[in-house]
1. When ranked by the protection proxy of mean other Cβ atoms within 10 Å per residue, highest first, what sequence do the peptides 214-220, 503-509 form?
2. I'd like the FRET efficiency for I513 and E154, computed as 1/(1 + (r/R0)^6) with the beta carbon distance as r and R0 of 35 Å, rounded to 0.05.
3. Points 7 angstrom from Cα along the Cβ direction at A240 and A48: gap in nanometres?
4. Once you place label points 7 Å from the Cα toward the Cβ at I231 and E104, how far apart are they in nm?
5. Using R₀ = 30 Å, calculate the FRET efficiency as 1/(1 + (r/R₀)^6) where r is the Cβ-Cβ separation of Q119 and L362; round to 0.05.
6. At 0.36 nm per residue, and after removing the present C-alpha to C-alpha distance, how many nm does the segment from A315 to D200 gain when stretched out fully?
7. Give K95/K144; K18/K71; K18/K43 a once-over and call out the pairs whose C-alpha atoms are over 22 Å from each other.
8. Starting from 0.36 nm per residue, how many nanometres of slack lie between L217 and S521 once their C-alpha separation is accounted for?
Amino acid sequence: MIPEEKSGGLRKVLMPDKSRIFFYSLLAFAGGIFAGSFFDIPKTIVLAAALICVLLIAVFFRKGSRLVNFKITFASFLVIFFLLGVARYNAVHSKQLTLTKIAEASAQLIDPAQKHPIQVALYGYVSGEPVTKGDKQQFVFFAKETDALSRRIEINERVLITARPYPKYEYGQNLKVFGEIKLPQNSEDFDYQSYLAKDDIFTVSYYPEVSPGNLNLGPYEKIKIGFFRGIFRVKNAFEASISRSVHEPNAAFINGILLGSRAEIPTDVKNDFSRTSTTHILAISGYNITIIAMIISWFFLFFFRRPIAFWFSVAGIAIFAILTGAQASVVRAAIMGVLVLLAQREGRLSDPRNALIFTGALMVFLSPRILRYDVGFQLSFAATIGLIYVAPLIKRYFEKLPSFFSFRETFVMTLSAQFFVLPLLIYYFKNLSLVSLPANIIVLPIIPFAMLLGALTGVAGLILPFLGRLVGYFAWLVSAFELGVIKLFAKPSWAAVSVQFNWYAVILAYAAIIGFLIWLSRRSKKKENVGH
């Protein structure tokens, strides 16, 4: 019930309309998952607090329209969503994993005579694209059964396997893995356990014996494996087509911006991207998804009416997300892209704030650990928040900038995103790029052309190699310009300086940023009121 007496200000503060209640409810849920990932909150406390909130709602919701009653009811409602987030994280975090227990036991139960740890047999299949790095290859192995502890048991757990470079394994391959299972080991500057935990990987195995497996898979898994195997084969053929048509390192760069593939990009080029804070270009984000969605829509509108083209566009975005490995930033961008397309189809304006919080809440519900441990997820959302909240507040200060080639818009958007991700960038990468803004302003407007020409090169190369090389010349020209700009800005010794943040500094930095944005928002409203 919405209070009537003197409720104008309260409506603005508590935002009781459906759209804003939706926003704050999901924000509270995400906050609960965030709190659960940092603090061990006992189940009894969660249940007791939830019961108290339910009682408060039952009592104060029926007492009329006083503002205090509404405040208590609304606050209790949000606390319940917060507790649901805590409960969701606890449910995932408290799950008992068989291989983790075996790895812990293996570290302790060593044969005194042989000094050999426990070795186990795992039966399952390759559940991710294998990645070759120098003299080794890594792949995620979905272990469905094990012969550990002298009996065959079902486990359904992921293990990161490090194997020799040959023979090459592929997605969906049925294998038997025999070797030692270990817990990931952290280093001084890298939390390897958390990095793997975000993908539900808690154990690793180095150079085990790998042989063909004989595990019987169910019909659902066979269909899933067949579908994804076909998708990855298309991706590999597409990447190979670009590599044949464009010289390196430009081909690796094009595959990076199109498919998020970074394995073939030379180390010196990666360092240039890092020193100029342009690495996000190689990570599939909302920017890349928007370009892909536009290309797909334009293509299908030539053959179908708009309603039919819409569904083809949605399918295209979904397949593209799968091709890139379904990373957190890709899934976020894909869901937001579909929501925007749906809003346009229904003739309604898309609310980017609600679309963002819905996407984030859905992703952390499905995989709660990514909120704390997935760096890409954090950076992607921080950049999007910057675009939604910072850009509208600062654009009026840059109205005198030229608008040709969307320079003003690119400048404001780049500055907004970089401003909001800056504390996280310093915390994770321990450096501050002094050339980030000019480098991004020059490079970002060219990215759509590089992606379009790169996509045409890949398709043309699949049809006719000569045609691929012809189109690939133009893709090489555009990519060479971008790589040259990034190399030029990365060259000075002062391009990036070493800076270190801890978590307390990150929290203080974001508190200062939010305080500054609140002050700027109030200042803008005062100027608007004076103008009226």
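Derivation of every value follows stated rules applied to the coordinates shown; laboratory data play no part. Please read all numbers here as calculations on a predicted model, not as lab measurements. Backbone-built Cβ (ideal geometry, glycine too); neighbour counts: all protein chains shown.
1. The densest-packed peptide leads the list: 503-509, 214-220.
2. 0.10
3. Output for this residue pair reads 6.3 nm.
4. 3.5
5. Efficiency, rounded to the nearest 0.05: 0.15.
6. Answer, rounded to one decimal: 38.7 nm.
7. Flagged as over cut-off: K18/K43.
8. Going from the current span to full extension adds 103.7 nm.
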